[in-house]
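Trainee: Can you keep this structure in mind? I'll have questions shortly.
None of the figures in this text is laboratory data; all of them are computed from the coordinates on show. These numbers were taken from a predicted model, which means no experiment stands behind them. Quick reminder, even Gly has a Cβ in these numbers, built from the backbone with ideal geometry, and neighbours come from all protein chains shown.
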Amino acid sequence: MRSVTRPLLQSDAHAGRGFTVIEMSMAIIVLGIAFMMTLKGADLVQTARAFMSSYTVQRYQTAIKAYETTHMALPGDDRDAPKRNQRPPSIYNIAGGTVSFAGDGMINGRLYDVTNPNGEQFMAWRDLRIDGAIPGDKTMVGASAMPDNVFGGVYGIDEGNLGQVGGSICLTRVPGRAAYMIDRYLDDGVVNKGKVVATAKWSPVEQQNHFDAPDDTPYDFEKEYIICAPLLP
């Protein structure tokens, strides 16, 4: 019996091409969904990091307050700490000489003043570690004593950054979205108002990342920030 070969119909060809188009459309949709999920995942990571950082700031504030209650002095500014903790005294190099402000009731020093490795703002971290209030190497001095944050920057102490009075705990290298979230968690989410303020300025050498005032424009998610909270809770 002779076999009959069915000729290729135009509709068959269209069906083949149509199936390919559908496959491509589905692939584009899937890739789009995956891309959106990636964006949402990145936002989720930033949210988690902002929450963790806010908690860490509060933990450091509590540790400083507990130290002050126990020793009747702030860490770094504690006159008795060099003898008790067997560490160098907190001193500053000024006009070719050295001077100590220990015992004046505040943690002196600018955020990134690396020219004074034994400044109070760095010795404070050493006192807290020796006291068991925070983890870390108890022998670290200078800028290396500042704890790392999850954004690739550090937590640092300043005598009063961005116009704050009474001392600051600051985070550096914070992405704009996360900085806004930290501000929202700890305060009001406004860059230049309330107890938490921030700036996108960056001058570790000339200004030692110490500035007179915060930015006067809202958080920009495309920028990185130094964000500062009060030293004590």
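Trainee: List the aspartates and glutamates whose alpha-carbon lies under 16 Å from that of K83, not counting same-chain residues fewer than 8 positions away?
Mentor: E120, D127, D131
Trainee: Give a residue-ordered list of calculated ³J(HN,Hα) values for the stretch 216-228 (Karplus: 6.51 cos²θ - 1.76 cosθ + 1.60, θ = phi - 60°; whole Hz; x for Gly, Pro).
Mentor: 10, 10, x, 4, 10, 5, 8, 10, 10, 10, 9, 10, 10
Trainee: Counting Lys +1, Arg +1, Asp -1, Glu -1, what net charge surrounds M72 among other residues with beta carbon under 12 Å of its beta carbon?
Mentor: Local net charge: -3.
Trainee: How charged is the neighbourhood of D212? Take every other residue with its Cβ under 14 Å from the Cβ of D212, and add Lys/Arg as +1 and Asp/Glu as -1.
Mentor: Details: positive: R110, K201; negative: D158, E159, E206, D215, D216.
Charge balance near D212 sits at -3.
Trainee: Also: Determine the dipole magnitude for the stretch 53-143: charges of +1 sit on the beta-carbon of Lys and Arg, -1 on that of Asp and Glu, nothing else is charged, the reference point is the Cα centre, and the result goes in debye to the nearest 20.
Mentor: Dipole of the stretch 53-143, to the nearest 20 debye: 200 debye.
Trainee: The stretch 169-222: which trypsin sites (Lys or Arg not before Pro) are DSSP loop and have at most 13 other beta-carbon atoms within 10 angstrom?
Mentor: Of the trypsin sites (Lys or Arg not before Pro), the ones in loops of the stretch 169-222 whose Cβ has at most 13 other Cβ atoms within 10 Å are K193, K195.
Trainee: Which entries in the list K65/K195; K138/K201; K65/K223; K138/K195; K65/K201 go over 21 Å, if you measure between the two C-alpha atoms of each? Don't skip to the end; give the middle numbers.
Mentor: Numbers: K65/K195 17 Å; K138/K201 31 Å; K65/K223 32 Å; K138/K195 30 Å; K65/K201 29 Å.
Listed pairs above 21 Å: K138/K201; K65/K223; K138/K195; K65/K201.
Trainee: Could I ask something else about it? What is the Cα centroid distance between the stretch 43-111 and the stretch 153-229, reported in whole angstrom?
Mentor: 18 Å
Trainee: Taking the inverse of the average 1/r across all pairs of different Cα atoms in the stretch 47-230, what Kirkwood radius in Å do you get?
Mentor: Over the stretch 47-230, the inverse of the mean reciprocal pair distance is 16.4 Å.
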